[in-house]
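Trainee: Have a look at the structure that comes next, please.
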Amino acid sequence: MVSILLLLIKKLLAEYGNEIFQLAAKHNVMVMFEAAVAGGIPIIKALREGLAANHIESIAGIINGTSNFILSEMRAKGSTFKEVLEQAQALGYAEADPTFDIEGQDAGHKLSIISALAFGTPINFQHCYLEGISQLKSIDIAYAEELGYRIKLLGITRKTPRGIELRVHPTLLPESRLLAKVEGVMNAVSVQADMIGQTMYYGAGAGADPTASAVGADIMDVTRLQNAEASYRVPYLAFQSDSLEDISILPMDEIISSYYLRVSVQDEPGVLGEIANILAAENISIEALIQKGVIDQTSAEIVILTHSTQERFIKQSIRRIQALARVMSPVTMIRMESLHKR
């Protein structure tokens, strides 16, 4: 019951929060929602109060425990997505219909809320890019680890001169990063700010006790502030409503990232050169490349890590690569993040 109620609260805030906060202000009532994002982790209070002196630059978070459990088990055991999903359902980590978790909607709702808090904008869930984990293959998780990376479902929001990035998708992270080490159903949120630098908030993202912790803190805040004038309370979205900026959300074609590509090809001379030439034509440089052994008598796999480029260029390259006669199946593409300050 608690999990269903929280699901409705975060969905309600992500999709109708702007109207809710407007009505709440009109009637001078408080809206507290700490438990709506990352369970018992006080990320809402951290963004609204603890980091108030900072300009937030970016946030990256593992904010869906079900997906993180599935990816952790796939990496640890080499199991398929379907096998681990059934295990997660048996353990009660995943619902009978797990779509909301595994296809990114839950993480998107949470990310949209914390992005608004971070950057002083209205909540923009309708413009959040969502890509889940249901199509991930265990072979890509294994190849990523071989190259020194782990795959996590990340919610990423970043303020750039061209707009705000707001996206949820599987992401390769260097295994040395703290976020890459978050396993099981745990949540973690990494915040990059101008004054304090990088901070990370880690803990239980769901469950009765963590949820009670967050709800209890909200109740205490309401009790302490119920007689205070509205002007003395922390604004719902950290910024006064008349100072919120309607900053555009950056289309995915315009984001800048690095990329993991896996290409299945006929095992013949010259194929690798053709692929490298296509990438070079789009000014995409290669960071690392491995050619795996022959899969059967005629085919092999090429795994490529690229340096940073605009997404439109990698998509154009993929279309050209897939058109090659000796490429045998659609190219697998997964975004990569170093989480270094840009």
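Read-outs: derived from the displayed coordinates by stated rules, not from any lab. Everything quoted here is computed from the prediction, not taken from an experiment. Note: ideal-geometry Cβ built from the backbone for every residue, glycine included; neighbour counts use all protein chains shown.
Trainee: Looking at the range 127-158, which trypsin sites (Lys or Arg not before Pro) are in a loop (DSSP not H, G, I, E or B) and have at most 16 other Cβ atoms within 10 Å?
Mentor: When the trypsin sites (Lys or Arg not before Pro) of the range 127-158 are filtered for loop state and at most 16 Cβ neighbours within 10 Å, K137 remain.
Trainee: Please state, as a whole number in µm²/s, the translational diffusion coefficient that the Stokes-Einstein equation yields for the range 252-336 at 10 °C and 1.306 mPa s, with Rh defined as the Kirkwood radius across alpha carbon pairs.
Mentor: Once the numbers are plugged in, D ends up at 124 µm²/s.
Trainee: Over the range 156-260, one equal point on each Cα, no solvent: what is log10 I(q)/I(0) by the Debye formula at q = 0.11, 0.13, 0.19 Å⁻¹?
Mentor: Results for the range 156-260 at q = 0.11, 0.13, 0.19 Å⁻¹ read -0.58, -0.80, -1.27.
Trainee: A further question on this structure: If you put +1 on each Lys and Arg Cβ and -1 on each Asp and Glu Cβ, how big is the dipole of the range 74-211 around its Cα centre, in Debye rounded to 20?
Mentor: Roughly 480 debye, rounded to the nearest 20.
Trainee: Return the Rg/Rh ratio of the range 121-166 with Cα-based radii and a Kirkwood Rh.
Mentor: Ratio value, two decimals: 1.11.
Trainee: Which Cα, out of I56, I44, S79, lies furthest along the positive dipole direction of the range 1-85 (beta carbon charges, K/R +1, D/E -1)?
Mentor: Value computed over the given set: S79.
Trainee: Put +1 on the Cβ of every Lys and Arg and -1 on every Asp and Glu Cβ in the range 252-336; which of Q266, S329, Q291 then has its Cα farthest towards the positive end of the dipole?
Mentor: Final value for the positive-end residue is S329.
Trainee: Moving on. Quick one: among D267, D194, D97, which has the greatest mean-square fluctuation in a GNM of the chain with alpha-carbon springs under 10 angstrom?
Mentor: D97
Trainee: Could you size up the charge dipole of the chain around its Cα centre, putting +1 on the beta carbon of Lys and Arg and -1 on that of Asp and Glu, and report it in debye to the nearest 20?
Mentor: That gives a dipole near 400 debye.
Trainee: Once the Cα gyration tensor of the chain is found, what semi-axes does its equivalent ellipsoid get, as square roots of 5 times the eigenvalues, in whole Å, sorted largest first?
Mentor: In descending order, the three semi-axes are 40, 22, 16 Å.
Trainee: Let me check the size of the range 56-123 from its C-alpha atoms; what are the radius of gyration and Dmax in Å?
Mentor: That works out to 14.4, 42 Å for Rg and Dmax.
Trainee: Output the pairs from K77/K341; K45/K110; K77/K137 with a Cα-Cα distance over 22 Å in this structure; if there are none, say none.
Mentor: Over 22 Å Cα-Cα: K77/K341.
Trainee: Helix check for the chain. Which DSSP H runs span at least 27 Å along their own axis by Cα, with a mean Kyte-Doolittle hydropathy no less than -0.5?
Mentor: Both cut-offs are met by 2-26.
Trainee: Taking DSSP loops as anything outside H, G, I, E and B, show the longest stretch in the chain free of GluC sites (Glu not before Pro) there with at most 12 other beta carbons within 10 Å.
Mentor: No qualifying site falls inside 1-228, the longest such stretch.
Trainee: Please find, in a Gaussian network model of the chain (springs between Cα atoms separated by less than 10 Å), the residue of S231, S258, S67 whose mean-square fluctuation is greatest.
Mentor: S231
Trainee: Next question, about the same structure. How big is the Kirkwood radius of the range 232-293, worked out from every pair of different alpha carbons and given in Å to one decimal?
Mentor: When all Cα pairs of the range 232-293 are included, the Kirkwood radius is 16.5 Å.
Trainee: Note down the magnitude of the dipole of the range 244-342 about its Cα centre, charges +1 on Lys and Arg C-beta and -1 on Asp and Glu C-beta and zero elsewhere, to the nearest 20 debye.
Mentor: For this selection, approximately 80 debye.
Trainee: Pick from N283, N64, N187: which residue has the top mean-square fluctuation in a GNM of the chain where Cα pairs under 10 Å get a spring?
Mentor: Of the options given, N283 has the highest mean-square fluctuation.
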